[in-house]
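Accompanying notes for the structure given below.
The values are calculated or read from the model by the stated rules, or taken from the named source; none is laboratory data. As the structure is a computational prediction, the values presented were derived from the model and not from experiment. Ligands, DNA and RNA are excluded from the accessible area calculation, which covers all protein heavy atoms including side chains. Shrake-Rupley method; radii C 1.70, N 1.55, O 1.52, S 1.80 Å.
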Amino acid sequence: MGYHARMAPSADIEWLSTQEAARRLGITTRTLYRFVDQGDLPAYRMGRVIRLQGSDVDEFIASSRIEPGTLEHLYPDTAPKG
């Protein structure tokens, strides 16, 4: 089985440039490159350009959702001292 039979590209894939992906995430391209380099966000080198799948970016967004009750350490205790 050849490469194309195993890895046939889907016409359904939404490919994003690094600038488009960063804009979608609301971050700088530098931060995007850091996420890619750390393995947090999959990316693909196609010749001289880097592309990301829209679905991977959406999954990254969903996995980054903050669970309620996990940020108490970021704001001061407002309960009265007694």
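Taking only protein heavy atoms and a 1.4 Å probe, the accessible area of region 12-82 is 51% carbon and sulfur.
Multiplying each eigenvalue of the alpha-carbon gyration tensor of region 18-68 by 5 and taking the square root yields semi-axes of 19, 11, 10 Å, largest first, rounded to whole angstroms. 3J(HN,Hα) couplings calculated from phi for region 55-67 with the Karplus curve 6.51 cos²θ - 1.76 cosθ + 1.60 (θ = phi - 60°) are, in sequence order, 5, 5, 5, 4, 5, 4, 4, 4, 6, 8, 4, 7, 7 Hz; Gly and Pro show x.
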